[in-house]
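A short worksheet on the structure shown next.
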């Protein structure tokens with residue numbers, strides 16, 4: 001007797017539901033996508049008990065006639081595609097025809113719809129049609145989903161608290177609002193309004209509603225394109241950060257997606273402006289020919305495949321980097337400011353005198369940044385690029401970064417901060433962070449040009465896995481531009497016989513293990529980032545310390561050096577080099593605003 005048999009339609013729908021409908025948030029996402037595809041201008045989402053007892057979604061879209069309303073509950077019944085070639089040219093958010101029948105197989109669904117000519121009401125409970133009749137309802141569609149997963153207890157137990165489930169729903173509704181600012185959204189929980197947008201098409205207004213005034217006020221408009229891609233949206237100023245990467249919103253043809261490589265491009269563009277453990281807020285929509293993107297990759301449609309992905313990564317990186325460079329704002333003093341703890345890199349560093357000798361070809365005895373026996377600033381200036389300073393022209397050279405303000409030094413505060421005045425108000429410059437950034441950029445420009453090599457007296461042995469050894473050829477190819485090459489040493493180790501000079505006093509085992517771990521996780525190595533971290537720490541230890549009195553000329557030199565930096569507003573660790581107390585803030589605090 002044969003063992004293989006075809007499953008009935010209800011079971012196949014329940015299997016599909018396991019892929020499409022993992023929790024209430026997935027239901028809300030699928031239904032909103034249907035509303036958007038139906039050209040809705042207003043979408044209401046009403047949630048009860050985190051979506052566990054009831055979800056109601058109402059739109060003013062096209063609606064359906066009686067036949068289409070009934071067909072919507074049939075699996076793989078869709079108006080979005082008709083033939084195979086349509087799969088590679090999808091312009092709608094939904095296309096598989098799985099969402100509605102999948103939802104109806106694990107809940108009690110009532111659908112009311114009106115296309116302007118016919119009004120219909122259909123009830124389907126756990127895959128079984130209960131009623132199907134004409135029914136008066138406004139134009140558009142309303143779907144009520146109740147008692148979700150009541151007959152699938154294993155799935156029900158997988159869900160968390162009602163507040164947690166609602167937080168996921170709220171997050172996805174806000175994502176839609178950012179992706180579709182021309183659609184008004186209303187979200188309620190247990191009859192309490194929690195989120196609402198106007199639908200006026202102003203993305204900056206939606207950013208204001210979700211992230212607040214400070215984010216929206218300094219948001220940098222993004223608008224760039226090449227032959228295949230057009231990028232638009234906003235990049236938030238880097239002084240406003242988040243602890244996770246989930247505030248980078250990427251849309252492709254207005255479809256919300258999760259694309260790790262594009263997230264990485266955004267992070268790389270922000271890297272010099274914020275601490276390494278913080279993440280930016282960015283909203284980007286990428287428009288392209290539909291044939292360049294494959295959306296039929298994952299049941300939930302979060303993941304996609306792209307043609308010319310590297311080209312898009314480069315476009316995103318360069319666009320955001322240029323936008324930040326040209327529109328960066330100096331952080332303003334706020335009445336209450338949250339402190340962000342920034343940890344210093346944990347690399348073991350080599351001696352300061354040696355690295356300066358190697359980079360600038362000066363004798364170690366000519367410069368001693370640790371004991372400060374010589375004048376740091378004058379020696380540094382002589383070492384790097386000779387500058388003549390006068391009282392009249394020091395601060396009026398053309399800055400390398402166009403956002404840098406014209407400043408006039410007025411003094412020093414507690415031996416730590418330089419005070420200067422500019423067009424916007426009072427500027428406070430962190431003398432250590434400012435010099436740190438200048439030294440970092442000088443080091444980067446010089447040390448990256450050419451690396452001398454040092455043969456290890458005792459070769460370094462790094463324990464690793466057979467998987468790494470099997471990929472050693474590819475790893476060495478990635479390490480080649482750093483002049484690092486490993487050899488196999490037995491069945492579970494690598495040996496390093498020669499290293500670049502800048503690595504000579506680091507913990508080589510830890511350094512290489514970090515590289516190999518990073519490669520295993522990402523299948524690539526961003527050694528430039530690791531190298532930058534080392535240089536950042538060198539620059540930190542070689543800069544002016546706090547509690548050191550500076551002469552007027554030295555303070556002018558600090559600002560002059562900062563003006564020569566490509567990115568002068570934050571140190572290599574992401575801390576600000578300067579802040580501004582605006583004239584308006586001073587007038588307000590001294591009650592002169594009236």
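The values are calculated or read from the model by the stated rules, or taken from the named source; none is laboratory data. Predicted, not measured: the structure shown is a model, and the values here were computed from it. In this analysis, Cβ positions are derived from the backbone assuming ideal geometry, glycine residues included, and neighbour counts consider all displayed protein chains.
Conditions tested, residue by residue: (1) assigned to a helix (DSSP H, G or I); (2) in contact (Cβ under 8 Å) with a residue 60 or more places away in the chain; (3) out of contact with any helix residue (DSSP H, G or I) (no Cβ under 7 Å at 6 or more places or on another chain); (4) assigned by TED's automatic domain parsing to the domain that holds residue 287.
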| position | (1), (2), (3), (4) |
| --- | --- |
| 142 | no, yes, yes, no |
| 145 | no, yes, no, no |
| 151 | no, no, yes, no |
| 166 | yes, yes, no, no |
| 171 | yes, yes, yes, no |
| 175 | yes, yes, yes, no |
| 181 | no, no, no, no |
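Taken over the range 265-289, the residue count meeting the criterion of being farther than 11 Å from residue 321 by Cβ and modelled with pLDDT of 90 or more is 9. Every listed requirement among (1) without any contact (Cβ under 8 Å) to a residue 40 or more places away in the chain; (2) under 29 Å from residue 444 (Cα atoms); (3) touching a strand residue (DSSP E or B) at 6+ places or on another chain (Cβ under 8 Å) is met by residue 282 save one, (1). Residues that are surrounded by 14 or more Cβ atoms within 10 Å (Cβ to Cβ) and part of a helix (DSSP H, G or I) within the range 477-498 comprise 478, 479, 482, listed in sequence order.
The residue that is nearest to residue 26 (Cα to Cα), counting only those in the range 41-77 that are in contact with a helix residue (DSSP H, G or I) (Cβ under 8 Å, 6 or more places away or on another chain) and in a loop (DSSP other than H, G, I, E, B), is 52. Regarding the range 180-192, can at least one residue be identified that is closer than 19 Å to residue 58 by Cα and within 23 Å of the chain's Cα centre (by Cα)? Yes, the conditions are met somewhere in the range 180-192. Can you name the residue in the range 13-40 that is under 23 Å from residue 149 (Cβ atoms) and either in the same structural domain as residue 302 (by TED's automatic domain parsing) or not in a helix (DSSP H, G or I) (or both) and, of all such residues, is modelled with the highest pLDDT? Among residues in the range 13-40 that are under 23 Å from residue 149 (Cβ atoms) and either in the same structural domain as residue 302 (by TED's automatic domain parsing) or not in a helix (DSSP H, G or I) (or both), the one modelled with the highest pLDDT is 23. For the range 159-201, the set of residues classified as on the phi > 0 side of the Ramachandran plot and buried (at least 17 other Cβ atoms within 10 Å of the Cβ) consists of 199 only. When residue 291 is tested against (1) over 11 Å from the mean Cα position of the chain (by Cα); (2) in a helix (DSSP H, G or I); (3) within 30 Å of residue 565 (Cβ to Cβ), just one condition goes unmet, and that condition is (3).
The number of residues in the range 124-142 being closer than 14 Å to residue 102 by Cα, surrounded by 16 or more Cβ atoms within 10 Å (Cβ to Cβ) and in contact with a strand residue (DSSP E or B) (Cβ under 9 Å, 6 or more places away or on another chain) comes to 3. The numbered conditions (1) surrounded by fewer than 16 Cβ atoms within 10 Å (Cβ to Cβ); (2) outside any helix (DSSP H, G or I) are all true for residue 261 except (2).
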